[in-house]
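> Sending over a structure as structure tokens; questions will come in a sec.
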């Protein structure tokens, strides 16, 4: 069963604007792929990052185009050093100010680092971000679960 989800952007500063200036419908057969977190790029309001429990989605819009362009890079279990970890249970994503990078946290205590694609065979398109590194920040096992989660990410400008 597909679960459609609409992401829309309104220009709240323009009172004459009727409806959103950009939208996209993202369909998923898996409820764990429903987007629950979304952030703007602080350096470019045309770029957004969103995540579900299992996926990270990069969205972009251009002036005059009513549809978002979007892509969701692959995350493989082999990207993680520990064999009992995976991309599941992603929590938050943010752009790193004044860079091309973004990061995503997960409940396994890891930070996934995204950067522009190097256009390797079969890996992304020009200007698309891809997973370049997984950094374990908290590998401490919690007595109530496998690892201590990273549940909040924020950036401090300058």
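The numbers here are math on the coordinates, done by the rules we state, and not lab data. Remember, it's a predicted structure, so these values are computed and weren't measured experimentally. All Cβ positions, glycine included, derive from the backbone under ideal geometry; neighbour counts span all protein chains shown.
> Quick check: from the Cα gyration tensor, does the range 1-61 come out rounded (a/c under 1.5), prolate or oblate?
Oblate.
> Which of 8, 28 comes first, and how do the rest follow, when ranked by fewest Cβ neighbours within 10 Å?
Neighbour counts put them in this order, fewest first: 8, 28.
> Using a 10 Å cut-off around each Cβ, can you sort 110, 79 from fewest to most neighbouring Cβ atoms?
Final ranking by Cβ density, sparse to dense: 79, 110.
> Output the peptides 95-102, 29-36, 56-63, 15-22 sorted from most to least packed, where packing is the average of other Cβ atoms within 10 Å over each peptide's residues.
Ranked from most to least packed, the peptides come out as 56-63, 95-102, 29-36, 15-22.
> Provide the gained length on full extension for the span residue 96 to residue 128, in nm with one decimal, where the gain is 0.36 nm per separating residue minus the Cα-Cα distance.
Stretched out fully, the residue 96 to residue 128 stretch lengthens by 10.0 nm.
> Mind giving me the nanometre distance, one decimal, between the label points for residue 111 and residue 23, set 7 Å out from Cα along Cα→Cβ?
Inter-label distance under the simple model: 3.7 nm.
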